[in-house]
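Here the structure comes first, spelled out in structure tokens, and everything after it is commentary.
The values are calculated or read from the model by the stated rules, or taken from the named source; none is laboratory data. Predicted model only: the values in this text are computed from it and were never measured. All Cβ positions, even for glycine, are placed from backbone atoms using ideal geometry, and neighbour counts span all protein chains on display.
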Amino acid sequence: MTKRTSKPVRLIGKGMPRVDADGKVRGTTRYLNDIDYKGIWHGVVVRSPVPRGILRAIVPGPAFAGDNLVLATAKDIPGENVVHMHDRTMPLLAEIGGEIRYRGEPVAVVAAATPEQAAAAARDVRIEVDELPPLLTLDEAVAIFKSAPGKLDTMKEQTIVKGDLAQGFTAADDVVEAEYWAGHQEQLYLENQGLVVFPQKDGSILSEGSIQCPYFPVHELNDPLKLPPEKIRVRQTPIGGAFGGKEDYPTMLTGYAALPALKSGKPVKITYERNEDILFTPKRHPVWVRFKTGFKKDGTLTAIECDYILDGGAYLTISDVVMYRGILHCALAYRCDNVVIRGKVARTNSFPCGAFRGFGAPQAIWGIESHMDAIAARLGKTPHEYRLQVHARPGDVTPTGQTLSDENGSTACLKLALKRSDFARKLRQASRGKLRKGQKKFVGVGLSFFAHGSAFTGDGEAKFKAKGRVELARLEDGKPGINIRVSSTEMGQGVHTIFTQIAADALSLDAARIRFPMADTGLVPNSGPTVASRTTMVVGNVVYRAALDLKNQIESFAALRFFKGAPAELRGSRLLSKGARPVSFETAAKAMLAEIGSASGFFEFLLPADIRWDQATFKGDSYPGYSWSANVAEIEIDPLTCELEVKRVTAIVDIGRVINPVTATGQVEGGLTQALGYAVMEKIGTGKNGLYDAARLQTYIIPTALDVPEYDVKFVEYPYSFAPPGAKGLGELPMDGLAPAIANAIEAAIGRRLRQIPLTPEAIFAALHPAQGGTP
Amino acid sequence: MKITEKIDVRFPRTLAEALRLQAGEQTRGKLLAGGTDLMVQWAAGVPAPERATSVWNLPELSAIEMAPDAIEIGAGVTHAFLRDCVQIRRHLPALVAAAATVGAAQIQSRGTLGGNAANASPAGDTAPALLVTGGSVVLASLSGRREVPLDRFWIDYRKIDARPDEIIVAFRLPPKGRAKERFRKIGTRRAQAISKVMAASRILVEKGRIVSAAIALGSVAPTPVRLAQVEAFLVGKKLSPKLIDEAEQLAQATVAPIADIRSSAEYRRWASGRLVRDALEHL
Ligand SMILES: Cc1cc2nc3c(=O)[nH]c(=O)nc-3n(C[C@H](O)[C@H](O)[C@H](O)COP(=O)(O)OP(=O)(O)OC[C@H]3O[C@@H](n4cnc5c(N)ncnc54)[C@H](O)[C@@H]3O)c2cc1C
């Protein structure tokens, strides 16, 4: 045996390969539709054919004469016909005599032994509706708001107030006011929505499928299904992408599948084809945002007034929280003493919008970052010098009154982005609508700068208390190892890998002995949903602390069992004690499992005691920590066709401690690409018939590999010291700021400002050639 | 069950056998070449037929013949083959450029020239490039062969001058000779993109004067179209910046595109003229 001391395990900060890579690369990972469930039935949702009306009748046709078939309607709902969500207004299925509020609203669910039979039967249900006139779009809602604000059908409002706005405008030398629009965006995960609900003998249900937040169905279907949380068990299958799209919606889908499952006693599977998935699942919210800003001659912002109206669709679902995150990001990144931000969730007769990476922030940042360039232009300052002057930094106070700590790398992001992209020089060379000699294309460069609040808004984390366990167990090879038990889900973002790294470092144990089984609410404590850029920061800390707790227990056991009570240390997969021969982790853990049976470390997340938040006034510490980023977009526009090409994007990011630089870079590049699609091509709206107007991959256009620009991604690290290992949020940040950087670059290239995304050739054409005109 | 499992697909070995199978056929869409249009249409709800005849890999549809007056390209030739074929590129560069913009590598390996033409979408990428050659389509049926000039082949939205029992065998395309060809597609993105507007042109300039001009556009009308008025306007004139300006405006005045999910009518009208300019600026 060697004498050398064991080296501690240090994986944090290293680019450890993804633990789930092998199966995904080889194609052996089994997603829901790869699993051969025997004896299940197939469910099809029957939907309203009109966007608004009173439901009069549901008439099943001759297809229902046979066996092996069930039709579930609102009458079959065991309890109250409501999905809890955030305001308990949305029925699980539309009721006879009740109001249909959007096209495609579920009216019934058919299940049958084969998908064909179910589909044929679903087509054989006649829905009778007395139609009512719908209000379909945000445009219509905003028109109402502008002419008669009181008439806007608002599902939720919230205002943020800081200082004295009137005084701020009085003190201003100049005012810039403008409106910005953003449309829907589809998540377009590779794997469509799907799950199976198994009715159990004791009346409970098990839902298994592509579910981003396994605890949501557990807590949001109790009233309709008349089942307590312990009787709704949810198990995750490998998820082929989600981006928020599988956050709120699988709750509904579990409800839809549960009804025929409970009625027939058969397991019922519902999966969507792409077309149904695009037409009938939630999208990113369209937003209209208006900024009115007052400032002094020297550029000092004296007043920011903002209205932020979000199209929630027909029901609130989770839109209140999306709006909160939106208004919290409207004026977060700049110094200003007087701020009023008014947020509203408007109701329209369109499909309820839901979660999508960024959660209201990209729309807010699209507005303010376009607007900051407009102010700079009015002042005759360059956009970067102006941002350097007024950007928020440690010691500054946010619109809700939170003082930024010195763990905010805002200045570093901004400065490094300007330097690495050579921004000032490129901006001087921008075309501004005039081609230089020999130049064939307009060139431009644009900047955006922003923060993203990590974790739940306000005191969400304090109230929630994320829980997690790290347990000693016998692994599949019969030897001891560790299971990480949290409800965070792997969706391709790499959480299984980075939690393995965190647990390995905390325990000082070889990562090969650590497993992260799929989330199963029957087995894992509730560490919360995998949303809000909270997982690495909050749940990562839970895993870290729980692993330390387990390490302590292993060391105490080993001290007594192997070292006569002398202190022991688990280090480099061995238990060490001064003057004694080291004992391998395997030996010690085997003994522990044999003699104690089981052991696990546990932790419940706490926020610092001095965190303050008042939900009623929206005052206090709106997020435990902030990630920062600056994006620079370099573009070309062909004057011949108005086609836009994004050539290069620089993204400097402060996400605190970087746990895995390879997966983190992947998150940033992937997020930027999703943001690129949002910025320049992804276009989908509610058509006159109430359906989304781009229902297929042929018409819903996202970037291909050839559309992706060169990326320069760099991290600056300002760790969140309260929660070791010190990560801040990463998931959503890269989605936030590319659209305004590109719009700002377009301004530099052609001298025109576009105020609506996507920034299509049609929009550039309309701006450059107003006489030939047209609508973008 | 997958769509294809429900369809009885027959695989003839020869064109003669395929023609027999097609004899008396009343409806189109039962000839299956690469399937890259048909499979998508069936999945999107277009009723799939009970039986289909595959023309994929039929030897008579895969040939390429280079004669001085015309290059004959089999209808079963794939976009990938066209993209990579140096000889064809020399004589029909616009067609090769068009084939290279169809979908992406996978679709190009499977999609055929015949399928693209018979599918008769106004956005079919090869159509404008075929049109400017002034060539023709060779059709065969049990009752014999006939040739249809390409500018009369696409009669209306998704309608072609071919009976359901006829199989497109080949395209007879005169080489460009000393003329210049150009192809440009404005797509919704850089690959896997259906065009918003596209143009192909074949123009011969001698001593600064335009001797002949063929310009065709896609996605601006129910069918791919030749810009006869613009062509007539150009022929005999000296190439100049002013002429290019006028041709651009004339093209814009000639077309009457519609708005759809991919683009606006105004943009399409404007871009039509811009692509005419692009062709003339590259002579
Ligand atoms: C992802 C994707 C991207 C695409 N991108 C593009 C694009 O960028 N540009 C573009 O133009 N197209 C595009 N297409 C459409 C398609 O690939 C092309 O039109 C292709 O050329 C069709 O050829 P095919 O052999 O696959 O036709 P098929 O699908 O086999 O047939 C199409 C039609 O032609 C008929 N047909 C086929 N062969 C003959 C024949 N010899 N005689 C008579 N009738 C015949 C069929 O009956 C059918 O009606 C795309 C398709 C997909 C799926």
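Hey, does region A:245-263 have a residue that's of a type in the set (A, V, I, L, M, F, W, C), assigned by TED's automatic domain parsing to the domain that holds A:Gln698 and within 24 Å of the chain's Cα centre (by Cα)? Within region A:245-263, not a single residue is of a type in the set (A, V, I, L, M, F, W, C), assigned by TED's automatic domain parsing to the domain that holds A:Gln698 and within 24 Å of the chain's Cα centre (by Cα). When region B:31-45 is limited to residues that are in a loop (DSSP other than H, G, I, E, B) and more than 6 Å from the ligand (Cβ to nearest atom), the one that is nearest to B:Leu113 (Cα to Cα) turns out to be B:Ala44.
Just one of B:Ala253, B:Ala162 is within 16 Å of the ligand (Cβ to nearest atom) and not assigned by TED's automatic domain parsing to the domain that holds B:Leu21; which is it? Before the answer, list the steps.
Working: B:Ala253 fails: within 16 Å of the ligand (Cβ to nearest atom).
One residue alone meets the criteria, B:Ala162.
Going through (1) within 25 Å of the chain's Cα centre (by Cα); (2) in a loop (DSSP other than H, G, I, E, B); (3) within 21 Å of A:Val19 (Cα to Cα) one by one, A:Pro525 falls short only on (3). For region A:740-755, state whether one or more residues are surrounded by fewer than 23 Cβ atoms within 10 Å (Cβ to Cβ), out of contact with any Cys (no Cβ under 8 Å at 6 or more places or on another chain), more than 30 Å from A:Tyr623 (Cα to Cα) and within 10 Å of chain B (Cβ to nearest Cβ). No; the residues of region A:740-755 include none that is surrounded by fewer than 23 Cβ atoms within 10 Å (Cβ to Cβ), out of contact with any Cys (no Cβ under 8 Å at 6 or more places or on another chain), more than 30 Å from A:Tyr623 (Cα to Cα) and within 10 Å of chain B (Cβ to nearest Cβ). Checking each residue in region B:165-191 for being touching a residue at least 60 places away in the same chain (Cβ under 8 Å), under 16 Å from B:Asp125 (Cβ atoms) and either within 15 Å of the ligand (Cβ to nearest atom) or aromatic (Phe, Trp, Tyr) (or both) picks out B:Phe171, B:Phe183, B:Arg184, B:Lys185, B:Ile186, B:Gly187, B:Thr188, B:Ala191.
Check whether at least one residue in region B:228-239 is in contact (Cβ under 8 Å) with a residue 40 or more places away in the chain and in contact with a Phe, Trp or Tyr (Cβ under 9 Å, 6 or more places away or on another chain), and report yes or no. The answer is no; no qualifying residue exists.
Residues in region A:620-655 that are in contact (Cβ under 8 Å) with a residue 60 or more places away in the chain and either in a loop (DSSP other than H, G, I, E, B) or not assigned by TED's automatic domain parsing to the domain that holds A:Phe423 (or both): A:Asp621, A:Ser622, A:Tyr623, A:Pro624, A:Asp638, A:Pro639, A:Thr641, A:Cys642, A:Glu643, A:Ile655.
Against the conditions (1) without any contact (Cβ under 8 Å) to a residue 40 or more places away in the chain; (2) in a loop (DSSP other than H, G, I, E, B); (3) more than 16 Å from the ligand (Cβ to nearest atom), B:Leu204 satisfies every one except (2).
A quick yes/no check of all residues on (1) without any contact (Cβ under 8 Å) to a residue 60 or more places away in the chain; (2) within 30 Å of A:Phe351 (Cβ to Cβ); (3) loosely packed, with under 14 Cβ neighbours inside 10 Å:
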residue: A:Lys7; (1), (2), (3): no, no, yes
residue: A:Arg10; (1), (2), (3): no, no, yes
residue: A:Thr29; (1), (2), (3): no, no, no
residue: A:Asp34; (1), (2), (3): yes, yes, yes
residue: A:Gly39; (1), (2), (3): no, no, yes
residue: A:Gly43; (1), (2), (3): no, yes, no
residue: A:Val46; (1), (2), (3): no, yes, no
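Restricting attention to region B:156-201 and to residues that are assigned to a strand (DSSP E or B) and of a type in the set (Ser, Thr, Tyr), the residue that is nearest to the other protein chains (Cβ to nearest Cβ) turns out to be B:Ser195. Specify the residue that is farthest from B:Val225 (Cα to Cα); the eligible residues are those in region B:260-282 that are at pLDDT 95 or above and of a type in the set (A, V, I, L, M, F, W, C). Residue satisfying both the conditions and the ranking: B:Leu280.
Within region A:604-650, being acidic (Asp, Glu) and surrounded by 17 or more Cβ atoms within 10 Å (Cβ to Cβ) holds for A:Asp621, A:Glu634, A:Glu636, A:Asp638, A:Glu643. Scanning region A:664-687 for residues that are away from chain B (no Cβ under 13 Å) and either at pLDDT below 95 or surrounded by fewer than 21 Cβ atoms within 10 Å (Cβ to Cβ) (or both) yields A:Thr665, A:Gly666, A:Glu669, A:Gly670. For B:Gln26, the stated conditions do not hold, so it cannot be described as modelled with pLDDT under 95, within 11 Å of the ligand (Cβ to nearest atom), out of contact with any Asp or Glu (no Cβ under 7 Å at 6 or more places or on another chain) and among the polar types (S, T, N, Q). Determine whether region A:49-59 contains at least one residue that is closer than 21 Å to A:Gln193 by Cα and among the hydrophobic types (A, V, I, L, M, F, W, C). Taking every residue of region A:49-59 in turn, none turns out to be closer than 21 Å to A:Gln193 by Cα and among the hydrophobic types (A, V, I, L, M, F, W, C).
Per-residue answers, yes or no, for (1) more than 10 Å from the ligand (Cβ to nearest atom); (2) farther than 24 Å from B:Val205 by Cβ; (3) within 14 Å of chain A (Cβ to nearest Cβ):
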position: B:Ile64; (1), (2), (3): yes, yes, no
position: B:Phe81; (1), (2), (3): yes, yes, no
position: B:Leu92; (1), (2), (3): yes, no, no
position: B:Thr112; (1), (2), (3): no, yes, no
position: B:Ala129; (1), (2), (3): yes, no, no
position: B:Gly135; (1), (2), (3): yes, no, no
position: B:Trp154; (1), (2), (3): yes, yes, no
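When the residues of region B:226-274 are filtered to those that are within 13 Å of another protein chain (Cβ to nearest Cβ) and among the aromatic types (Phe, Trp, Tyr), the one that is surrounded by the most Cβ atoms within 10 Å (Cβ to Cβ) is B:Tyr267. Could you list all residues from region A:707-726 that are outside any loop (DSSP other than H, G, I, E, B) and either within 22 Å of the chain's Cα centre (by Cα) or farther than 30 Å from A:Gly687 by Cα (or both)? Hits for region A:707-726 are A:Glu710, A:Tyr711, A:Asp712, A:Val713, A:Lys714, A:Phe715. Scan region A:272-282 residue by residue and report those that are touching a Gly at 6+ places or on another chain (Cβ under 7 Å) and in a loop (DSSP other than H, G, I, E, B). Once the filter is applied, which keeps residues that are touching a Gly at 6+ places or on another chain (Cβ under 7 Å) and in a loop (DSSP other than H, G, I, E, B), region A:272-282 yields A:Tyr272, A:Phe280, A:Thr281, A:Pro282. Figure legend. Inter-residue proximity from region B:31-50: first residues away from every other protein chain (no Cβ under 14 Å), second residues within 8 Å of the ligand (Cβ to nearest atom) and in a loop (DSSP other than H, G, I, E, B), beta-carbon distance below 6 Å, spacing 6+ or different chains. Indicated pairs: B:Leu31/B:Val55; B:Ala33/B:Val55; B:Ala33/B:Trp56; B:Gly34/B:Gly111; B:Pro49/B:Lys30. Could you say which residue among B:Ala120, B:Ala214 is within 14 Å of the ligand (Cβ to nearest atom), touching a residue at least 24 places away in the same chain (Cβ under 8 Å) and of a type in the set (Gly, Ala, Ser)? Residue meeting the stated conditions: B:Ala120. Restricting attention to region A:96-123, the residues that are assigned to a loop (DSSP other than H, G, I, E, B), closer than 23 Å to A:Thr254 by Cα and over 32 Å from the mean Cα position of the chain (by Cα) add up to 4.
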